[in-house]
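Report on one structure; see the data block that follows.
Rule-based calculations on the coordinates, nothing more; no lab input. Treat the numbers as computed from the prediction; the structure is a model and nothing was measured. Here the Cβ positions follow ideal geometry from the backbone for every residue, glycine too, while neighbour counts run over all protein chains shown.
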Amino acid sequence: MNIDQNLISRITAEVMARVQQQGNHGSGNSGIFNTIDEAVSAAHTAQKQLRKLTIEKREGLISAMREAAYASAAMLAEMAVQESGMGRVSDKVLKNQLAARNTPGTEDLRTEAWSGDTGLTLIEMGPFGVIGAITPTTNPSETVISNCIGMIAAGNSVVFSPHPTAKNTSLTAIRLLNEAIIKAGGPANLLTAVAEPSLAATNAMMVHPQINMLVATGGPAVVKAVMSSGKKAIGAGAGNPPVIVDESANIERAARDIMAGCSFDNNLPCIAEKEAIVVSAVADRLITFMQKYGGYLISGQDIERLERVILTEKEELAASGCTEKPKKTFGVNKNFVGKDAKYIIKQIGIDVPDDIRVIICETAADHPFVLEELMMPVLPVIRVRNVEEAIQLAVSVEHGNRHTAVMHSQSVDNLTRFAKAVETTIFVKNAPSYAGIGVGGEGFTTFTIAGPTGEGLTSARSFTRQRRCVLVDALSIV
Ligand code: NAD
């Protein structure tokens, strides 16, 4: 893919300047408002107008959104990296394009029917109304594009609550998509947000009586918040995807795929490989091949130095009182989330070539690099004696998120055993994790993967209400 970085940077700078200058404030049709009340009320009116349009017209609006999103994929990618300081532009371009092209539209909606002696009964997928969608900093435009297509295809309007640290990117995506809808003859304000997103604004949105459904894409706190809201909620939460390599795997291919998946957008995706668990008989070969495919191996004191850079540490007193020794707990230093491997390793005084994409290190199973969702291209590798041990450990470090797991193996038996044990929403076999969202794997794309509430990979139908329509003694023609 040829991307003129200079041109994109210039356009991004101009867009950012325009957004700052306008203070993000709503100009007529942008969908951006000063208050939550205004944003919800405008979206409510727009949804009523959308209901009056035919499905064909709705599909026309979706095509216009797809085109606008695809055309702006590079600009939004550049903007996201500049604003959030996270990720890789070329990977984000691909993610935006994928969201634009591969998110299902109205074809995802299905009607079920029963016909018989007493007539015809239909189950149709109707809209919820106005959806409140909360989006993460890690996919600030991808989630907006994908949510917009799916939610509008289902007949809803959307009030977005973007993450404040990537607000300009998310708000720009919302503006562009609104403009495309209006140009295609659709109503203004199908997509709205407030100019200054904040936790307070999100909380106000969640309790607003005209918000009919909540969809949260983010970490555990926001998923818990929407699930406790008393409204219909979809929660797409955190992951910590393990990848297992057993002795039957094609080891070179496994190493190549793990490096590719782990380094995609600098490990920001919730589906990206976060720890590799390897049967020791093949561990040395796997690590050697990982180095061939962009991995840089560190050991000993370098690992300790890296811990001091990318982890935060705090001491907590045990609940029973202060007589016990404080317990150390670790967190992730946000300054390194989504950064390049080269930049991260430079912090411990090591210079590597530009083609190094992942820092790899062997650790114990209970190391914080394994247990924390690092979201940076640092991959701990853990040796285990056999596949049973690998599966047990992988299930434990996935923390019950039931999000994503990957396995490299030629044994159908082992693949089946792991898939059954880990119970994740996405299980990828013999490929990079991103095959699970339609990159080099079959199937549609979404950036809202709802493990906690069970919708799985969300699409238009996830944002609908099932409605039964019964006609007695007629229209059954058999
Ligand atoms: P985050 O949880 O910090 O923020 C996500 C969104 O929730 C933001 O808009 C934020 O403002 C809001 N938020 C956070 N806490 C809240 C609270 N208590 N009440 C109301 N709103 C709140 O997450 P992030 O750093 O932006 O994104 C990374 C996290 O999201 C990772 O854990 C990653 O695994 C997860 N994620 C999951 C998916 C998925 O589809 N399952 C997709 C992308 C990211």
When we measure straight from the Cα of LYS429, which lysines land under 17 angstrom away, once same-chain ones fewer than 8 places off are left out?
-> LYS274, LYS420
Report the label-to-label distance for LYS334 and ALA113 in nanometres (one decimal), using points 7 Å from each Cα along the Cα→Cβ vector.
-> 5.3 nm
Kirkwood Rh, angstrom, the stretch 45-98 [1 / mean 1/r, Cα pairs] | 12.7 Å
Longest principal axis of the chain (C-alpha) makes with the long axis of helix 167-183 (C-alpha) an angle, in degrees to the nearest 10, of 30 degrees
Normalise the Cα radius of gyration of the stretch 401-472 by 2.2 N^0.38 Å (N = residues in it) and let me know the number.
-> 1.41
Enter the angle in degrees (range 0 to 90, nearest 10) between the Cα long axis of helix 412-422 and the first principal axis of the Cα atoms of the chain, meaning the one along which they spread out most.
-> 70 degrees
Highest mean packing first, using Cβ neighbours within 10 angstrom, the peptides 386-399, 87-100 sort as 87-100, 386-399
Could you please report the charge total around VAL130, scoring K, R as +1 and D, E as -1 over all other residues with beta-carbon less than 15 angstrom from its beta-carbon?
-> +3
Charge tally for neighbours of ALA201 with beta carbon under 14 Å away, counting Lys, Arg as +1 and Asp, Glu as -1, is -2
Obtain the nm distance between the two label points defined at GLN210 and SER396 by a simple spin-label model: each point lies 7 Å from its Cα along the Cα-to-C-beta direction.
-> 5.2 nm
Please work out how much length the chain gains when fully extended from LYS183 to GLU304, using 0.36 nm per residue of separation minus the C-alpha to C-alpha distance, in nm with one decimal.
-> 38.0 nm
Ratio of Rg to Rh over the stretch 221-357 (Cα coordinates, Kirkwood Rh, two decimals) | 1.05
In whole angstrom, the spacing between the Cα centers of the stretch 360-385 and the stretch 428-475 equals 31 Å
Report the extension gain between THR45 and GLN82 in nm, rounded to one decimal, defined as 0.36 nm multiplied by the number of residues separating them, less their alpha carbon distance.
-> 9.9 nm
Using a simple spin-label model with points 7 Å from Cα along the Cα→Cβ vector, what separation in nm is obtained for GLU442 and ASP37?
-> 5.3 nm
Set of lysines near LYS325 by C-alpha distance (under 17 Å), chain-local residues within fewer than 8 positions excluded | LYS314
Tell me, TYR434, TYR296, TYR343 in order of fewest to most beta-carbon neighbours within 10 Å?
-> TYR343, TYR296, TYR434
